[in-house]
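The values are calculated or read from the model by the stated rules, or taken from the named source; none is laboratory data. Keep in mind it's a predicted model, so treat the numbers as computed, not measured. Cβ: placed from backbone, ideal geometry, glycine included. Neighbour counts: every protein chain shown. We work out accessible area using only protein heavy atoms, side chains counted, and drop any ligands, DNA or RNA first. Shrake-Rupley method; radii C 1.70, N 1.55, O 1.52, S 1.80 Å.
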Amino acid sequence: MVHGDYRMDNLIFHPERLEILAILDWELSTLGHPFADIAYQCMQLRFPDNDVLPGLGNADRERLGIPGESEYVDQYCQRRGIDGIPDWNFYMAFSFFRFAAILQGVKKRAIDGNASSDRALELTRMIKPLAAMGIQASQA
């Protein structure tokens with residue numbers, strides 16, 4: 001089982017300890033590989049911080065107490081008892097393309113007047129940049 005939208009803004013943290021209390025927003029959950037969830041979450045670490053889709057790519061993550069991608073993946077692997085994630089770039093590319101495809105669906109719903117958010121069309125400006133990031137990840 002994979003969450004499908006596993007990212008920091010779908011987590012509720014303990015106010016005093018580094019502990020996740022709840023995981024929200026399960027409507028995209030499905031059967032799949034768990035590496036898809038960690039890659040999807042790491043995708044935010046590569047997003048630039050912009051007015052459309054805020055990311056952590058240019059944030060001072062050390063000051064914020066947020067580990068870098070390598071450290072985060074290493075901690076994940078330690079907790080899982082595995083040596084690493086083979087084909088990591090595949091999972092990252094998949095995440096970028098998947099998110100671009102999700103936003104393409106959002107765009108269609110916005111055009112049809114069925115979008116669930118007033119910001120739907122604004123978010124769809126990220127389709128091409130996400131696809132480009134997917135291509136970049138696949139070539140790394």
- Item | Approximate spin-label separation ARG46-ASN114, in nm, with each point projected 7 Å along Cα-to-Cβ | 3.1 nm
- Percent carbon-and-sulfur accessible area, the stretch 1-64, ignoring ligands, DNA and RNA, probe 1.4 Å: 56 percent
- Estimated dipole of the stretch 40-140 in Debye, rounded to 20 [Cβ of Lys and Arg +1, of Asp and Glu -1, Cα centre]: 400 debye
- Helical mean residue ellipticity (222 nm; -39500 (n - 2.57) per DSSP H run of 4+; nearest 500) of the chain: -15000 deg cm²/dmol
- Item | Linear extension gain, MET1 paired with LEU31, 0.36 nm per residue minus alpha-carbon span | 10.4 nm
- Compute, for CYS77, the solvent-accessible surface of its heavy atoms (probe 1.4 Å) with the complete set of protein chains present, and express it in square angstrom to the nearest 10. 10 Å²
- Query: Once both labels are modelled 7 Å past Cα along the beta-carbon direction, what's the ILE102-PHE90 spacing in nm?
  - Reply: 2.2 nm
- Message: Quick check of the Kirkwood formula: for the chain, what is the inverse mean of 1/r over all pairs of different Cα atoms, in Å?
- Response: 16.2 Å
- Task: Taking the dipole about the Cα centre of the chain, with the C-beta of Lys and Arg at +1 and of Asp and Glu at -1, give me whichever of HIS3, GLN139, LEU64 is farthest to the positive side.
- Result: GLN139
- ALA22-ARG80 FRET efficiency (beta carbon distance; Förster radius 22 Å; 0.05 resolution): 0.55
